[in-house]
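Structure, as structure tokens:
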Amino acid sequence: MSAITIDSLKEKYLITVDKDSIDADTLFSILKTFRVEHLAQKSNIGDEIFEIGEKIKQDWWEKNQFRFVENR
């Protein structure tokens with residue numbers, strides 16, 4: 001048997017992972033990533049969220065860059 005198997009059932013995928021092939025913390029981290037991806041797809045957020053994120057980062061940098069860059 002391989003370390004990871006994927007079976008396609010009628011309405012589900014069944015993923016089986018041998019315990020000796022991955023530690024629990026890594027597996028939970030992967031599952032958390034899957035959950036976040038699922039929620040992001042479910043939310044139907046468009047590309048405008050990326051624009052908002054860039055605006056937030058730009059505003060933050062403008063207000064805080066003095067903490068990281070010396071005045072010349």
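Below is a table of values for the structure above.
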{"read-out": "Selection from VAL17, ALA40, GLY53, by position along the positive dipole direction of the chain (Cβ)", "value": "GLY53"}
{"read-out": "Length gained when the stretch ASP23-GLU37 is fully extended (0.36 nm per residue, less Cα-Cα span)", "value": "2.9 nm"}
{"read-out": "Length released on extending from SER8 to VAL69, taking residue separation times 0.36 nm less the Cα-Cα span", "value": "16.6 nm"}
{"read-out": "Dipole moment magnitude, nearest 20 debye, the stretch 22-72 about Cα centre, only Lys, Arg, Asp, Glu C-beta charged", "value": "160 debye"}
{"read-out": "Separation in nanometres of the label points that stand 7 Å from Cα toward Cβ, at ILE30 and ILE56", "value": "2.9 nm"}
{"read-out": "Loop sites in the chain: chymotrypsin sites (Phe, Trp or Tyr not before Pro), DSSP, at most 14 other Cβ within 10 Å", "value": "PHE68"}
{"read-out": "Size-normalised alpha-carbon gyration radius of the chain, reference 2.2 N^0.38 Å", "value": "1.87"}
{"read-out": "Choice from LEU14, LEU31, LEU39 with maximal GNM fluctuation in the chain (Cα, 10 Å cutoff)", "value": "LEU14"}
{"read-out": "Within the chain, longest stretch clear of exposed GluC sites (Glu not before Pro) (DSSP loop, no more than 10 other Cβ within 10 Å)", "value": "12-69"}
{"read-out": "Taking ARG67, ARG35 and counting other C-beta atoms within 10 Å, the order from fewest to most", "value": "ARG67, ARG35"}
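The numbers here are math on the coordinates, done by the rules we state, and not lab data. Everything quoted here is computed from the prediction, not taken from an experiment. FYI the Cβ positions are ideal-geometry reconstructions off the backbone, even for glycines, and counts take in every protein chain you see.
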